[in-house]
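The values are calculated or read from the model by the stated rules, or taken from the named source; none is laboratory data. None of these values were measured; they are calculated from a predicted model. Note that each Cβ is placed from the backbone with ideal geometry, even for glycine, and that neighbours are counted across all protein chains shown. Note: areas computed on protein heavy atoms with side chains; ligands, DNA, RNA excluded. Shrake-Rupley method; radii C 1.70, N 1.55, O 1.52, S 1.80 Å.
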Amino acid sequence: MEIKLTKRVEGIAESATLAISAKAKKMMAEGRDVVNFGVGEPDFNTPDYIVEAAIKAMRDGKTKYTPASGIPELKKAVVEDRFRATGIEYSPEQVVVGTGAKQPLYNAVACLAEEGDEVIVPSPYWVTYPELVKYCGAKCVFAVTKPENGYKMTAEELENAITPKTRLLILNSPNNPTGAVYSESELSALVKVLEKHKNVFVIADEIYRNLVYGEHKHVSIASFSEEMKSRTIIIDGMSKSYSMTGWRLGWAIAPEKIAKAMGRAQSHVTSNANSIAQYASLAALTNVEKSDAFISDMRKTFAKRRLAAIEKLEEGGAKFIMPEGAFYVFIDVSSAFGKTSEGGKIIENSTDFATALLEERGVAVVTGSAFGADDYVRISYAISEEALKKGIEILCDFLRRAK
Ligand code: PLP
């Protein structure tokens, strides 16, 4: 019997980041020594006070359904946290708590874009955006960013991408995979364009907002004016800031009409996010001092590894995008294209490169093609400094030896 899948799911690709991690883990299970640069999650334990709050929640019987869009206390904590971080005031009714940041992101796209609509996605982009847009039946319009602009979309690139069909812009700062962080003046230029196109909404994915290094600062596009605030859906969550990827807890902060629609949609799909994770997140967001200390320590560790990675890559002669935030480095491996690896594999693209590097030298990276930039591979520095240095040495050596 032929199984006929819907058009909606047929076009969806498997998440490349998860696929490479799975392959690396399988090799490790077989006893191979692997440096796994594929990971997209902080390598820290969730802090104890958050874990304790989860245990307490279970003991206190907070194990039942909650309101579909989240418990009121958590929504209040989310808006207070937002106010501390950005000075922007929101009401708890504007918050929709979901399963990770991914679910609110999907809900936001689903509420605003459908067949016939266009969604602008600056490229390189996080793997999931185009797939979500496709899933909602809308069309992705990629705005290809340039090295001379730090791989950030300019006003001109945005203007050129907008058509009467544009409904949404998905802006991700700090960016996965490039680590680019939009400055106030770079955002201000985009805002000027958006002010001319009133029907375009922005999804601002700020999941890495706490992981910004050096002189760079996170600025939210919603902070420019009341109007921008009323046209922006913020995506944020616990995964990266609190090392809570497995807890699956994130949220959107949106204009009330959109938040209500997202809540209604979610109530029929998953209902509430895990109740225990909600109470644990409440403890994280309300224990401000402890959480600030945890995030600051984690940021310091990442900042140190970022410098170590930059130094090693420069030493090894690799070309890469200077990361300003998140915990990734995007490395240009196109110098190996058209060549053969030491193990005899012909390298034509980033997937060939990543496959050969993993199989021959035990280093797992994510192919740039998954992010819309086939000249690159992504490494994550959410691994120990020792493994990071070793892996980069091997990668640079592999790159040099391709003949
Ligand atoms: N947005 C970006 C840019 C990400 O890199 C990720 C995770 O890798 C997410 C959203 C999703 O976060 P979560 O795990 O909370 O769903």
| said: So, G246, is that one open to solvent by 20 Å² or more (accessible area, probe 1.4 Å), small (G, A, S) and within 16 Å of the ligand (Cβ to nearest atom) or not? | reply: yes
| field | Qualifying residue in segment 256-272 (condition: among the basic types (K, R), farther than 14 Å from T66 by Cα and within 17 Å of the chain's Cα centre (by Cα)) | value | no
| How many residues, within segment 327-349, are open to solvent by 40 Å² or more (accessible area, probe 1.4 Å) and of a type in the set (A, V, I, L, M)? | 1
| Mind checking which residues of segment 265-291 are out of contact with any helix residue (DSSP H, G or I) (no Cβ under 9 Å at 6 or more places or on another chain) and part of a helix (DSSP H, G or I)? | S267, H268, E289
| query | Going through segment 373-397 one residue at a time, which ones are open to solvent by 10 Å² or more (accessible area, probe 1.4 Å), among the aliphatic types (A, V, I, L, M) and not in a helix (DSSP H, G or I)? | reply | A373, I383
| task | Return the only residue of A161, A143, A138, A204 being within 15 Å of the ligand (Cβ to nearest atom) and at pLDDT 95 or above. | result | A204
| query | Would a scan of segment 209-227 turn up a residue that is among the charged types (D, E, K, R), open to solvent by 10 Å² or more (accessible area, probe 1.4 Å) and either in contact with a helix residue (DSSP H, G or I) (Cβ under 6 Å, 6 or more places away or on another chain) or part of a helix (DSSP H, G or I) (or both)? | reply | yes
| note | Checking E359, E324 in turn, the sole residue that is surrounded by 22 or more Cβ atoms within 10 Å (Cβ to Cβ) and not hydrophobic (A, V, I, L, M, F, W, C) turns out to be E324
| said: Cβ contacts < 7 Å: first residue more than 15 Å from S223 (Cα to Cα), restricted to segment 80-104; second residue modelled with pLDDT under 95, any location; separation 6+ or different chain. Result? | reply: K102/T128
| said: Name the residue that is farthest from A77 (Cα to Cα), counting only residues in segment 309-321 that are open to solvent by 10 Å² or more (accessible area, probe 1.4 Å) and part of a helix (DSSP H, G or I). | reply: E315
| request: Would you point out the residue of segment 84-115, among those that are closer than 21 Å to L168 by Cα and out of contact with any strand residue (DSSP E or B) (no Cβ under 8 Å at 6 or more places or on another chain), that is nearest to the ligand (Cβ to nearest atom)? | output: Y106
| Neighbours by Cβ (under 8 Å, 6+ apart or cross-chain): first from segment 206-220, within 22 Å of F83 (Cβ to Cβ); second within 13 Å of the ligand (Cβ to nearest atom) and among the acidic types (D, E) | E206/D236; I207/D236; R209/D236; H218/E206; S220/E206
| said: Within segment 228-243, take every residue that is within 16 Å of the ligand (Cβ to nearest atom) and part of a loop (DSSP other than H, G, I, E, B) and give me the one that is most open to solvent (accessible area, probe 1.4 Å). | reply: K240
